[in-house]
Amino acid sequence: MKNILIILFIGIGLFTNAQEVERNGEKYVVKKGKIMHDGNDVTATFSLEEQAAIKSEFSKLAEELKQKEKEEKRQKKLEKEKKKAENKQKKAKKKLKRNEKIQSNYDKASKTHTQAQEKYERLKQKGKLSPKDEAKWLEKIEKLSNKLKKAEKKLKRS
């Protein structure tokens, strides 16, 4: 933003000076086809060739100014597009990271649920579970199952 303001002020300064044409050490201003010097119309004091030379020099300066303004606008547009692309890329990275985290959470919940079920089955087969322990294991597996379902829903939404 700071650079844009600086460029704008330089452009305004160039625009106000672009009307001045220096000829033989004197500064002339061209306004509406008339050549002015210190606020006085001095067009008639020049020959047609000199008038044409001064006016063409003024035209060149005006054209250069227009080109600079076009370049500044093009630069602003490029900066804006670059910033837009960067923001889009940041959003994509953020979404990818979020999706990776959701996948990781799902994988972890699935693994934990599977391990708990397998351990419960082993203990049950060996007969090492009291009715109280069995109730705790079933409650634990139910919680892990709910957690897995939630993780699966998030995974499907993303």
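For the reader, a short list of remarks on this structure follows.
- On the stretch given as region 118-158, residues that are of a type in the set (S, T, N, Q), in a helix (DSSP H, G or I) and over 30 Å from LYS97 (Cβ atoms) total 1.
- Residue check for ALA62: under 30 Å from ASN146 (Cβ atoms), in a helix (DSSP H, G or I) and touching a residue at least 24 places away in the same chain (Cβ under 8 Å): no
- The residue list ALA92, ALA85, ALA52, ALA44 contains one member that is out of contact with any strand residue (DSSP E or B) (no Cβ under 8 Å at 6 or more places or on another chain), at pLDDT below 75 and surrounded by fewer than 14 Cβ atoms within 10 Å (Cβ to Cβ), which is ALA44.
- Residue match in region 114-124 (condition: β-branched (Val, Ile, Thr), surrounded by 13 or more Cβ atoms within 10 Å (Cβ to Cβ) and free of Cβ contacts under 8 Å to residues at least 60 places away in the same chain): no
- Test: LYS90 is under 28 Å from LEU144 (Cβ atoms) and part of a helix (DSSP H, G or I): no
The values are calculated or read from the model by the stated rules, or taken from the named source; none is laboratory data. Quick caveat, the model's predicted, so the values are computed rather than measured. FYI the Cβ positions are ideal-geometry reconstructions off the backbone, even for glycines, and counts take in every protein chain you see.
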